[in-house]
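Below is one structure, written out as structure tokens; comments come after it.
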Amino acid sequence: MRDVISRKSSPIYKIKDEFKRNYGINLIFKGAAIDALASASIEMNLGVRSLNSILNSALRPSYGRALQLPSASEEERSMTITLADIQPAIDQFKRDNKERDPRDNIPEHLQHLWS
């Protein structure tokens, strides 16, 4: 799965391309960050849209940092994305998309009728 989410048509590749084109920055994903995305993808049966949501959420602070990086004339500018950057977005996505028990919406005094 790691290879699938890292290939040219993947959300990771597209976001790396976006940072390179728009900010002149090489975005580097640490292995643990890619592994976490791959694991979440398998565990939650995620598609491309869901991975895009996680990446956009995780990288939101990076857009601001990209604008603040000093220009490097001879050196390539780069930013490294770690597990610490990715994991909170994965956790939030899991919380937001957790299957809820329909009984959670029924007032407590009526829940006995559901049984």
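Here is how the numbers come out for the structure above:
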item: Selection from the stretch 55-70 of residues that are assigned to a loop (DSSP other than H, G, I, E, B) and either touching a residue at least 40 places away in the same chain (Cβ under 8 Å) or closer than 19 Å to residue 95 by Cβ (or both); result: 69
item: Residue within the stretch 61-76 that is more than 14 Å from the chain's Cα centre (by Cα), of a type in the set (S, T, N, Q), at pLDDT 85 or above and under 18 Å from residue 18 (Cα atoms) present; result: no
item: Residue match in the stretch 15-37 (condition: in contact with a Phe, Trp or Tyr (Cβ under 7 Å, 6 or more places away or on another chain) and within 23 Å of residue 97 (Cβ to Cβ)); result: no
item: Filtered residues of the stretch 19-54 (kept if in contact (Cβ under 8 Å) with a residue 40 or more places away in the chain, surrounded by fewer than 16 Cβ atoms within 10 Å (Cβ to Cβ) and not in a helix (DSSP H, G or I)); result: 24, 26, 28, 30, 44
item: Residue 78 being among the polar types (S, T, N, Q) and out of contact with any strand residue (DSSP E or B) (no Cβ under 7 Å at 6 or more places or on another chain); result: no
item: Members of the stretch 8-18 found to be in a helix (DSSP H, G or I) and charged (D, E, K, R), listed by number; result: 14, 16, 17, 18
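One line per residue, one yes/no per condition, for (1) within 14 Å of residue 81 (Cβ to Cβ); (2) modelled with pLDDT under 90; (3) more than 10 Å from the chain's Cα centre (by Cα):
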residue: 19; (1), (2), (3): yes, no, yes
residue: 35; (1), (2), (3): yes, no, yes
residue: 46; (1), (2), (3): no, yes, yes
residue: 53; (1), (2), (3): no, yes, no
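The values are calculated or read from the model by the stated rules, or taken from the named source; none is laboratory data. These numbers come from a predicted model, not from an experiment. Using ideal geometry, Cβ is built from the backbone for each residue, glycine included, and neighbour counts are taken over all protein chains shown.
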